[in-house]
Amino acid sequence: MYCLDSNIIIDMFRGDNKLKEKINSFEHYCITPIVLCELFKGAYLAEKQEKALKLVEEFVHSTELLEFSGHACKIFGHNYSYLKKKGKQTQERDLMIASIAMANNAMIVTRNIKDFENIPALKIISV
């Protein structure tokens, strides 16, 4: 399963057809509630708010929204502690996205590998 980062979805919204084809070739893809929050934040701030909200709504109906489960919370706490001790902390929202993906055995699909690269055992691909 492939878990899409917000930058992937935003680039698809902006008309990156090559990226759309690649994502549509995946057998199963999903998003996290954190990514959905980022998408709605951007839509409500957009100049063309109605159009942006419609894009987000249509997208969310075409994909699976993963749950922010207790297991994901435990993974978050463990990895936060590990990264802090190593001095390699990442933004908490990126760690939450990664933790939800890991709890669901999903691979993160992003164009910002650096946001996730220090998280142990996380599967990441860049497209």
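The values are calculated or read from the model by the stated rules, or taken from the named source; none is laboratory data. From a predicted model like this one, the values you see are computed outputs, not experimental measurements. All Cβ positions, glycine included, derive from the backbone under ideal geometry; neighbour counts span all protein chains shown.
Here is the figure for the range 103-115: residues that are free of Cβ contacts under 8 Å to residues at least 40 places away in the same chain, of a type in the set (A, V, I, L, M, F, W, C) and within 17 Å of ILE8 (Cβ to Cβ) total 1. In this entry, VAL127 is excluded by the filter for residues that are within 12 Å of ASP5 (Cβ to Cβ), β-branched (Val, Ile, Thr), modelled with pLDDT of 95 or more and out of contact with any Gly (no Cβ under 9 Å at 6 or more places or on another chain).
Residues of the range 1-21 that are within 18 Å of the chain's Cα centre (by Cα), at pLDDT below 95 and part of a loop (DSSP other than H, G, I, E, B): MET1, ARG14, ASP16.
Would you check which residues across the range 22-40 are of a type in the set (Asp, Glu), at pLDDT below 95 and surrounded by 14 or more Cβ atoms within 10 Å (Cβ to Cβ) and list them?
Filtering the range 22-40 down to residues of a type in the set (Asp, Glu) leaves 27, 38.
Subsequent filtering for residues that are at pLDDT below 95 retains 27.
If the condition is that a residue be of a type in the set (Asp, Glu), at pLDDT below 95 and surrounded by 14 or more Cβ atoms within 10 Å (Cβ to Cβ), then no residue fits.
Close contacts from the range 60-73, counting a first residue that is among the β-branched types (Val, Ile, Thr) and a second that is surrounded by 13 or more Cβ atoms within 10 Å (Cβ to Cβ) and at pLDDT 95 or above, with Cβ to Cβ under 7 Å and a gap of 6+ residues or different chains, come to VAL60/LEU36; THR63/CYS30; THR63/ILE31. So, in the range 38-53, exactly how many residues are in contact with a Ser or Thr (Cβ under 9 Å, 6 or more places away or on another chain) and free of Cβ contacts under 8 Å to residues at least 40 places away in the same chain? So the count comes out to 2.
For residues in the range 71-127 being among the hydroxyl-bearing types (Ser, Thr, Tyr) and in contact with a Phe, Trp or Tyr (Cβ under 9 Å, 6 or more places away or on another chain), which is nearest to PRO33 (Cα to Cα)? Among them, the one singled out is SER99.
Summed over the range 22-33, residues that are within 17 Å of LEU55 (Cα to Cα) and in a helix (DSSP H, G or I) total 3.
What tally of residues in the range 8-67 results from selecting those that are of a type in the set (D, E, K, R) and touching a Cys at 6+ places or on another chain (Cβ under 6 Å)? Write out each step before concluding.
Taking the range 8-67 and keeping what is of a type in the set (D, E, K, R), we get 11, 14, 16, 18, 20-22, 27, 38, 41, 47-48, 50-51, 54, 57-58, 64, 67.
Those still in the list that are touching a Cys at 6+ places or on another chain (Cβ under 6 Å) too: 64.
Residues that pass the stated criteria total 1.
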